1. Any idea which residue in region B:63-87 is surrounded by the most Cβ atoms within 10 Å (Cβ to Cβ), counting only those that are in contact with a Pro (Cβ under 9 Å, 6 or more places away or on another chain) and facing chain A (nearest Cβ under 9 Å)?
2. B:ASN345 fails exactly one of the following numbered conditions: (1) of a type in the set (S, T, N, Q); (2) surrounded by 20 or more Cβ atoms within 10 Å (Cβ to Cβ); (3) without any contact (Cβ under 8 Å) to a residue 12 or more places away in the chain. What is the number of that condition?
3. Looking at (1) out of contact with any His (no Cβ under 9 Å at 6 or more places or on another chain); (2) closer than 19 Å to B:GLN54 by Cβ; (3) crowded, with 16+ Cβ neighbours inside 10 Å, which one does A:ALA87 not meet, given that it meets all the others?
4. Is it the case, given these coordinates, that A:LEU37 is away from chain B (no Cβ under 14 Å), part of a helix (DSSP H, G or I) and either of a type outside the set (A, V, I, L, M) or within 17 Å of the chain's Cα centre (by Cα) (or both)?
5. Going through B:ALA248, B:ALA293 one at a time, which residue ends up being within 23 Å of B:LEU119 (Cβ to Cβ), touching a residue at least 60 places away in the same chain (Cβ under 8 Å) and crowded, with 17+ Cβ neighbours inside 10 Å?
6. Got a number for residues in region A:7-21 being within 9 Å of chain B (Cβ to nearest Cβ), over 16 Å from B:THR143 (Cα atoms) and buried (at least 18 other Cβ atoms within 10 Å of the Cβ)?
7. Scan region B:159-189 for residues that are surrounded by fewer than 15 Cβ atoms within 10 Å (Cβ to Cβ) and away from chain A (no Cβ under 14 Å) and report the count.
8. Since B:ALA304 meets every condition but one in (1) at pLDDT below 95; (2) in a helix (DSSP H, G or I), which condition does it not meet?
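The values are calculated or read from the model by the stated rules, or taken from the named source; none is laboratory data. As the structure is a prediction and not an experimental result, all values here were calculated from the model. Here the Cβ is made from the backbone with ideal geometry for all residues, glycine too, and neighbour counts use every protein chain on show.
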Amino acid sequence: MAKFMFVYRDNIEEQPDYSPEQIQTQMQKWGVWFTELGDKLVDGGDGLLPAGKVLNGDGTVTDGPFIEAKELVGGFSILEADSLDAAIELARSCPIAEHGGSIEIRELAGYSAEM
Amino acid sequence: MNVNHIEEPAVAGGDTGPRQLVDHFFRHEYAQLVATLTRRFGVRHWELVEDVVQSALQRALSSWSLKGIPENPSGWLHRVAANEAIDRLRRDTRWGSLGEEQWEHESKPTEEHSFHDDLIRMVFVCCDPCVPPESQIALALKTLCGFGNQEIARALLTTEASVAKRITRAKQRLRDESVEPARLTETEIVERLPHVQAVIYLLFNEGYSSSVADKFIREELCEEAVRLAFVLAQHEITAGGRSAALMALLLFHSARLDARIDEHGAILLLKEQDRSTWDLRLLQEAFRWFGEANRSDEVTRYHAEAWIASEHCRVQDFKDTDWQRIAQGYDLLCRIEGSPVHQLNRAIAIGYRDGPEAGMAALSEIDSELLSKDYYLWHATHADLAKQLGDFAAARDSLNQAWQLAPTRAEKELISRKLDQLPEEHGNGG
């Protein structure tokens, strides 16, 4: 078993103003997805606020690369899967695709406990 | 239908599993937050308030989806929205020029301040008589019920652009008239209660009437109207006979909502309805509120209408209907508010109680040309009575007129059905 970080990227260009009811429906879908993942979900992680700064190598602080990006990292979770392919399969049923977002799937470098 | 939103906890689950939000949590929370923050920051910052509330909900979506729902989701949203409002107002130069001191004074929640109180004030702002009538329902759905423009457009069978225009115009009027939730006095609230109730009743009828096609939207509109009526009936300033009577009336109707339409969307008449599908829990609630309404000396149109509805709901079978008491109810209603439509219903009740001739006489007594010319139910009633008197030709004429005037497909179908049921004329009559 390996662990993977799911990095959720929201499409900020196409995001409409959702009505409160639509927001609740979306959240319910995430709840269903997490329930289905069961113990494959190691840590739900958290969402990230849109505002932030970047400390560059030369010591300067900028508003970050996300100003011009179409996608913004909106959150992350840690999941467990047998392989990268298995992790991709898990990601397929994530509701983020419904609102134009994408998921970056990265394997954690650390050794798992049984190795 | 759920009528106890306000007293329900925001989350379910908790001890046994992951927390879950109750139905329509965000919608109602949106309404509550807009009410609280608009009272605090003023109608002139209404747009800003809507913005920060929307952004708080979005933030909740991105965080709670992953991290789970916090222990006190309402508090979380309130804190996030209020902080952002203050940040943005501080950045605003015009706001800065007002001075912190004045702002602190204006925005400080008072001692007796409560969320319930904020909401009721916002109800009175949205139903202010200065708001054009065609905007009131749209504004109420947006502000008091947390509907999105698209959802309102679907509910009111209009376009999103038209909804947006109505809401903008309504807000402009309220700003022009300097209506402020914080400034409403108790006397003003009491004085305007009948008008506010009329708007809530209108909202309910928007859902109850068959002009709204989608069953779920219909139910939601009715549910929201009941929720607002409940807010009035629970608040110390607006509670009392009037508010209890409106609550009872809406619940009597709500209990029969499902039974009123068959699986194909056709309207079922009271005598055709399967009474076993009436919602007993809602009926119980309705009778409880009706009892409450009758404890006061005041008698309003809602008392009379609830009386009539309670008589229908009291009997198991249409043939057991006590038309004497129902006719009495309409007599009362016509004395309080003798609208032609009420008189029409009174004629129907008299027709059942005393026979078709008496019904016809009562129908012809109604002094309203407009009603007999343009209102399809007048013609449908005329047809029913003519049929009972054996004048099938006149019945057919009236049904044809009613069909022409009926506003919706469901109503036209109902009339077609009646036309089909009419016996053939045998040439011996007129």
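1. Residue satisfying both the conditions and the ranking: B:SER65.
2. Of everything listed in (1) of a type in the set (S, T, N, Q); (2) surrounded by 20 or more Cβ atoms within 10 Å (Cβ to Cβ); (3) without any contact (Cβ under 8 Å) to a residue 12 or more places away in the chain, B:ASN345 misses just condition (3).
3. Only one criterion is unmet by A:ALA87, namely (2).
4. no
5. Details: B:ALA293 fails: touching a residue at least 60 places away in the same chain (Cβ under 8 Å).
B:ALA248 is the lone residue from the list that is within 23 Å of B:LEU119 (Cβ to Cβ), touching a residue at least 60 places away in the same chain (Cβ under 8 Å) and crowded, with 17+ Cβ neighbours inside 10 Å.
6. 2
7. Selection size over region B:159-189: 14.
8. With respect to (1) at pLDDT below 95; (2) in a helix (DSSP H, G or I), B:ALA304 is out only on (1).
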